[in-house]
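Please read the structure below before turning to the comments.
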Amino acid sequence: MIAYAPLVGELDQQVEGVLTRQVLDAESPYRGGFMDGDRLVGSQSISAVASLGYAYLLAESRHYRSEELLQRILLAAEFARRHRNPSGCFDLLTTNFDSAPDAGFVVQAIAPVVFAARQQAADDAGAAEIADALGELIQTAAPGMAGGGFHTPNHRWVLVAALAQAQALYPELEVSATVDAYLGEGIDINADGEYSERSTGVYNAVVNRALIRAAHVLDRPDLLEPVRRNLDLSYHLLHADATAVTSISTRQDRDTRAVPTGLADGYHALAHLDGNGFYAAVADLLVARGGSGLVCLPNYVLHPEWRAARIERTPLPERYSRVYPASGLWRVRQGAVSATAAAGLTAPFSVVCGQAELAAVKISSTYFATGQFIGEEFAAAGKGVRMQHKGRNLIYPEKDYVGGIYWLPIAERVNADNWQEVRGRRETYELPPLEVELHAEEVAGGFDLHIRTSGGVDGVPFQIEGVFEPGGTLEMDSALVEGRAGHTVFLKAGHALYRVGNDAIRIGLGAMEHTMWRMRNSEIDEGRLRVLIALRTPVARTLEIRCGQWSDAKGGFL
């Protein structure tokens, strides 16, 4: 359970690591900055000073009002003054330079320190020095943040929160017009509670944190509504081990497998603001599985009254089936088993069972450039969902082609420069699209995927592909093989059982109507184990997926 005192203990341990990263060489131009894992010291690294500030200001810390920490903080502030841009903004050396958004991240990191330092400034000269030194960085960065723009959707809310906090500290700053302009655009969240970047692993947390901060300093409780909706969705995107579904993300967390601990402070804050035991329990889960709750410490700094608050936890549901039509998602939990069906992806279905993971079920054919299944239509259907692949030809951008296309002669001069433009005006000879329907439904012990083709032509090579995370074993009727990355196996008949320990996922039935190891138009995932079921059109087949604890003694699932 998240509590204030243990977090301060974690902070004290973190401070030791932060201090070792600070450059102290008097001859170094980076003196005072913090070195990252790439041995770079960017001006944005000043964010690391927040931990030192908290440790100096919190009476429960063993570093409380430490003279050494004070000097380290002032040294870091001096580094940031030397290395910031004339705009007042900072550089993120891995990608962004003279960056208003990265200045926003810095301000979000250090603003709570300045708020807390100001409260102690009257009776501690060191706190007053911290408030002045770090506050000056915020004050100077504000005009650059207001005029510097953004790259990605979440940057807008980072800037809003940072500018709002800057103005709360320095009311004379003229940044409210920028804050109002960004907020006037509306929050980029759909009816299901999903932000536009779909980033369960990273940027959902960034947006939630920013909106919570902005709601607090602007006295805008309406900004908490999108946060609640996203938190409600995000729990249902967690597997049993609290790692998150990231296959839907449009950002760098896509297809990663980690506990999204960054979401914990959002759950923690709304638990206190709403007296919500469900949010409190999710925050506890993320911190327990993720290993650290320090992301929640700023909540206690900004809201000291929460330190003694006790919220009764609500048990978290471990069995559910939820359809999110606006997002094209279906999420199912059956205890240790969780499944995801998603429209718009080349991996429309996946299952996690403990340590065993069927990372994707993919469907493809060789039919022109239309064969890789992507759910273009999505709807709830019985105990599951139905998706339809319409057979669009996506590699020719000049026109919305469907099905098989051949181009006919045209009475124009054609050269390398106008080839694509002219192609869009040509008459065509067309073959009907090969459409594929996928109906995924929950059944006892697992899932059935009903796959049916229509249109196209007969005899087209077709495959269903099970893509497993490596590290387990794959057992078939007459073979047992190691589940290594980069290996491909044809399931000729019967079932294949993939196991990691006793966690098991079984798929079938197999077929081998061709031996295309690397089917054209299919995705080849070299980092995983591929199990192929090889067919020819027309296809009307059910892929059975069963999950659970396997017993060799019983010869079946427990």
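Remarks
- Taking the numbered list (1) assigned to a strand (DSSP E or B); (2) surrounded by 12 or more Cβ atoms within 10 Å (Cβ to Cβ) in turn, F373 passes all entries but (1).
- Positions within region 264-295 being of a type in the set (A, V, I, L, M) and touching a Lys or Arg at 6+ places or on another chain (Cβ under 8 Å), in sequence order: L270, A280, A281
- Given (1) in the same structural domain as N299 (by TED's automatic domain parsing); (2) in a helix (DSSP H, G or I); (3) within 21 Å of Q44 (Cβ to Cβ); (4) polar (S, T, N, Q), number of the condition S199 does not satisfy: (2)
- The residues of region 52-86 that are among the acidic types (D, E) and not in a loop (DSSP other than H, G, I, E, B), listed by number, are E67, E68, E78.
- With respect to being within 20 Å of A55 (Cβ to Cβ), touching a helix residue (DSSP H, G or I) at 6+ places or on another chain (Cβ under 8 Å) and touching a residue at least 40 places away in the same chain (Cβ under 8 Å), A116 fits the description.
- Qualifying positions in region 443-467 - surrounded by fewer than 21 Cβ atoms within 10 Å (Cβ to Cβ), assigned to a loop (DSSP other than H, G, I, E, B) and in contact with a Gly (Cβ under 9 Å, 6 or more places away or on another chain): G445, V457, V460
- Qualifying residue in region 387-399 (condition: basic (K, R), part of a strand (DSSP E or B) and surrounded by fewer than 21 Cβ atoms within 10 Å (Cβ to Cβ)): yes
- Within region 301-341, the residues that satisfy the criterion of being within 30 Å of V114 (Cβ to Cβ) and either hydrophobic (A, V, I, L, M, F, W, C) or touching a Leu at 6+ places or on another chain (Cβ under 7 Å) (or both) are V301, L302, W306, A308, A309, I311.
- Residues within region 66-103 that are closer than 30 Å to A3 by Cβ and touching a Leu at 6+ places or on another chain (Cβ under 8 Å), tallied: 4
- Here G186 fulfils each of the conditions (1) assigned to a loop (DSSP other than H, G, I, E, B); (2) buried (at least 19 other Cβ atoms within 10 Å of the Cβ) apart from (2).
- Qualifying residue in region 15-28 (condition: within 30 Å of G277 (Cβ to Cβ) and part of a helix (DSSP H, G or I)): no
- Only residues that are surrounded by fewer than 16 Cβ atoms within 10 Å (Cβ to Cβ), in contact with a Gly (Cβ under 8 Å, 6 or more places away or on another chain) and not in a strand (DSSP E or B) were counted in region 422-442, giving 1.
- Scanning region 260-295 for residues that are closer than 14 Å to V227 by Cα, small (G, A, S) and in contact with a Ser or Thr (Cβ under 8 Å, 6 or more places away or on another chain) yields a count of 0.
- Qualifying residue in region 149-160 (condition: within 26 Å of the chain's Cα centre (by Cα), under 19 Å from P86 (Cα atoms) and either part of a helix (DSSP H, G or I) or basic (K, R) (or both)): yes
- Among (1) surrounded by 19 or more Cβ atoms within 10 Å (Cβ to Cβ); (2) touching a Ser or Thr at 6+ places or on another chain (Cβ under 9 Å); (3) assigned to a helix (DSSP H, G or I) - the single one I248 does not satisfy: (3)
The values are calculated or read from the model by the stated rules, or taken from the named source; none is laboratory data. Since we're looking at a predicted model, the values are computed, not measured. Neighbour counts run over all protein chains shown; Cβ positions are idealised from the backbone, glycine included.
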